[in-house]
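Worksheet: one structure, shown below.
The values are calculated or read from the model by the stated rules, or taken from the named source; none is laboratory data. As the structure is a computational prediction, the values presented were derived from the model and not from experiment. Every residue, glycine as well, gets a Cβ built from its backbone with ideal geometry; the counts of neighbours run over all protein chains shown.
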Amino acid sequence: MINQTATPIDPITTEIIQSSLTAITDEMFATMRKTAMSSIIYEVLDFGVAMMDANGNLASSGSGIPGFIGMLEPGVRSVMEKFDPETEVFPGDIFMTNIPHHGGVSHLNDVVLILPVFVEGKILAWLANKAHWVDVGGCFPGSISPDATEIYQEGLQLPCIKVIDKNETNQAVIDILAINSRVPDITVGDFWAGVASMRAGERRLLALAEKYGPGALLYAIEDYIRTGEAMSRKALGNLPKGTFEATDVTDDGLEIQATINISDEEFVVDLRGNPPQRKDALNASYDATFVDVQMIYKAIAGAQTFANAGTFKPLKVLVDDDSMFAAKYPSAMSVYYETSIMVFDLLWKALAPVMPESLPAGHYASICGTFMGGRHPETGKDHSIVEPQIGGWGGSLDRDGLNALYTGYHGDTFNVPVEVAEQRNGLMIDRLCLNEDHGGEGEYTGGKGINLDYRILRDDWWITMAYVRSKKGPWGLNGGLEGTTNYIKVLRKDGQEERYSSCTALPLNKGDVVQVVTANGGGYGSPENRPHAKVAADIRNGYITADRANKIYGYNE
């Protein structure tokens, strides 16, 4: 680690440097988006970038998925634990890791790249990039299966290795990446996009150090983290104090629970007493669970301000070892995200009754990760696509819920445009519209999910998916009604219809249609309080039928 001493500087220069840190991570993000090979990265933006200080503390977080950014700090520390920064880390090194149980990773597809930045022979900072790669091998196409029972089935494991050593690429590692992937060109391309992202950040950071001096840069980083903590503790003081609890039941009948204790000094989340780690892939690592807590905390304690290591100093998470929220090696974790969104939603549910101005009723609360592939109908090459889906948000204290938005877990994420999905992925999109199912009514109604129909254009395709909230819809608040559920239907070309909330490599053939249905959010307030003028508008806009309006609202035209 760096031995230079921080040099105090004036407040204006400090703020200029701190704004530059944000600009650096923004440029890293833009570079990754512009150079990546897969649409899950360049369209959906399923990645994150960040800068850590010399000790591995989050200094500046870029755009991207918050759950990715939050895990990059423990990812850097996993490198520091394996490689002595004083004797085994050098300029030009790049490290790679993807094992979720060992720190800073969510599942094998989310590959983390880490680059140390040296000034005057010492580490000044670390840059990191984490992105979802569409296929890293394993038993199942797309390297995802809710039915996996151990991580060995899920793909290639990269145990915190040095892939580039003093600017010399270890070609053997690249060859291993390629041969283990069903889409080697895309996998290797996304690797080099990650490298380009970090090297762009390195150039800017070195220029900043040259302009102001490493001591001034160190001071600005330290001050930035101190400021983050000060702002966070001030926001903590404004939160309601006490103990808040919530329970829920998973789709397969397991009871889950959370207790949140908020004091003037700490924000403590107690997840002890939850089910043990599962024998399928619905497990999450401790780091993933801690990020769930970070995200809900940031949402209520300064959603519009920056985030760094100081922001999360008041947080404490208690969890049983070997639980489904802190699973141990070699448990399967490929669909960890559905377990993480359950934790996120559970914490939201605990706080929403006492913070209605900040938290609406329940949203569709599933990543709805949809993995499909096969041979591309035009190129004939193996092809995999990954698309999380948008859904309905809950009604709130003073307005209806939002339609067709990503979950609170996603951050700066976008759905794939129809034109891109059809041209790049070799599918036909027959329909994309708002969910027509009833549910989520209230004084303020829950937002609508979607109906999205994929038509398969070639035989021997497949689909893998796992949607939670498939049996019980999003919860309402203050008398609002429960929302609808998440699922898919497969309409076979022979007319047969099948419904799934989970499947692994389900065969699809030319002419089959996959119908994605995401949930409407929960309602807020009793339906009897919704003004009839709004009900009439809902009918005109096609949000509700006249019969349903009469049944729920007592409305007659």
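Worth pointing out:
- Within region 193-241, if we keep just the residues that are outside the structural domain of Lys122 (by TED's automatic domain parsing) and not in a helix (DSSP H, G or I), the residue that is surrounded by the most Cβ atoms within 10 Å (Cβ to Cβ) turns out to be Leu239.
- Residue, farthest from Gly480 (Cα to Cα), within region 516-557, restricted to residues that are of a type in the set (A, V, I, L, M) and in the same structural domain as Gly401 (by TED's automatic domain parsing): Val516
- Pairs linking a residue in region 23-42 that is free of Cβ contacts under 8 Å to residues at least 24 places away in the same chain and assigned by TED's automatic domain parsing to the domain that holds Met198 to a residue that is part of a loop (DSSP other than H, G, I, E, B) and surrounded by fewer than 23 Cβ atoms within 10 Å (Cβ to Cβ), with Cβ atoms under 7 Å and 6 or more positions apart or on different chains, are Arg33/Leu45.
- Of residues in region 5-21 being crowded, with 16+ Cβ neighbours inside 10 Å and under 16 Å from Ala125 (Cα atoms), the one modelled with the lowest pLDDT: Ala6
- Residue list for region 448-472, restricted to those being within 23 Å of the chain's Cα centre (by Cα) and more than 12 Å from Val517 (Cβ to Cβ): Ile463, Thr464, Ala466, Val468, Lys471, Lys472
- For region 130-170, the set of residues classified as among the hydroxyl-bearing types (Ser, Thr, Tyr) and more than 18 Å from the chain's Cα centre (by Cα) consists of Thr149, Tyr152, Thr169, listed by residue number.
- Annotation: of all residues in region 493-521 being of a type in the set (Asp, Glu) and surrounded by fewer than 22 Cβ atoms within 10 Å (Cβ to Cβ), the one that is nearest to Thr247 (Cα to Cα) is Glu498.
- Complete set of residues in region 535-557 that are surrounded by 16 or more Cβ atoms within 10 Å (Cβ to Cβ) and of a type in the set (Lys, Arg): Arg548
- Filter result for the condition that a residue is among the polar types (S, T, N, Q), surrounded by 20 or more Cβ atoms within 10 Å (Cβ to Cβ) and out of contact with any Phe, Trp or Tyr (no Cβ under 6 Å at 6 or more places or on another chain), over Thr35, Thr87, Thr25: Thr25
- In region 55-79, the residues that are surrounded by fewer than 24 Cβ atoms within 10 Å (Cβ to Cβ) and within 20 Å of Leu218 (Cβ to Cβ): Asn55, Asn57, Arg77
- Qualifying residue in region 52-62 (condition: outside the structural domain of Cys368 (by TED's automatic domain parsing) and touching a Lys or Arg at 6+ places or on another chain (Cβ under 8 Å)): yes
- Boolean, Glu245 is at pLDDT 95 or above, under 18 Å from Leu315 (Cα atoms) and assigned to a loop (DSSP other than H, G, I, E, B): no
- Screening Asp135 with (1) crowded, with 24+ Cβ neighbours inside 10 Å; (2) out of contact with any strand residue (DSSP E or B) (no Cβ under 8 Å at 6 or more places or on another chain) gives one miss only, at (2).
- Within region 380-390, the only residue that satisfies the criterion of being surrounded by fewer than 22 Cβ atoms within 10 Å (Cβ to Cβ) and either at pLDDT 90 or above or on the phi > 0 side of the Ramachandran plot (or both) is Gly380.
Condition check ((1) under 19 Å from Val354 (Cα atoms); (2) not hydroxyl-bearing (Ser, Thr, Tyr)) across all residues:
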residue	(1), (2)
Thr259	yes, no
Asp264	yes, yes
Lys279	no, yes
Ala288	no, yes
Met295	yes, yes
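- In this structure, Arg530 does satisfy being of a type in the set (Lys, Arg), in contact with a strand residue (DSSP E or B) (Cβ under 8 Å, 6 or more places away or on another chain) and closer than 30 Å to Ala361 by Cα.
- Test for Ala352: is it assigned to a helix (DSSP H, G or I) and over 30 Å from Asp147 (Cβ atoms): yes
- All of Ile186, Ile176 fail the test of being part of a helix (DSSP H, G or I) and surrounded by fewer than 17 Cβ atoms within 10 Å (Cβ to Cβ), apart from Ile176.
- Index of the failed condition, Leu158 passing every other in (1) among the hydrophobic types (A, V, I, L, M, F, W, C); (2) part of a helix (DSSP H, G or I); (3) within 30 Å of Tyr329 (Cα to Cα): (2)
- Evaluating Leu402 against the criteria (1) over 15 Å from the mean Cα position of the chain (by Cα); (2) crowded, with 22+ Cβ neighbours inside 10 Å; (3) of a type in the set (A, V, I, L, M) leaves one unmet condition, (2).
- Residue within region 469-492 that is at pLDDT 95 or above, over 21 Å from His438 (Cβ atoms) and surrounded by fewer than 19 Cβ atoms within 10 Å (Cβ to Cβ) present: yes
- Count of residues meeting criterion [at pLDDT 95 or above, in contact with a strand residue (DSSP E or B) (Cβ under 6 Å, 6 or more places away or on another chain), under 29 Å from Ser61 (Cβ atoms) and hydrophobic (A, V, I, L, M, F, W, C)] in region 391-441: 2
- Scanning region 251-273 for residues that are crowded, with 19+ Cβ neighbours inside 10 Å and touching a Leu at 6+ places or on another chain (Cβ under 8 Å) yields Ile256, Ala258, Ile260, Ile262, Phe267, Val269, Leu271.
- Picking from residues in region 274-309 that are of a type in the set (Ser, Thr, Tyr) and within 21 Å of Leu108 (Cα to Cα), the one that is surrounded by the fewest Cβ atoms within 10 Å (Cβ to Cβ) is Tyr286.
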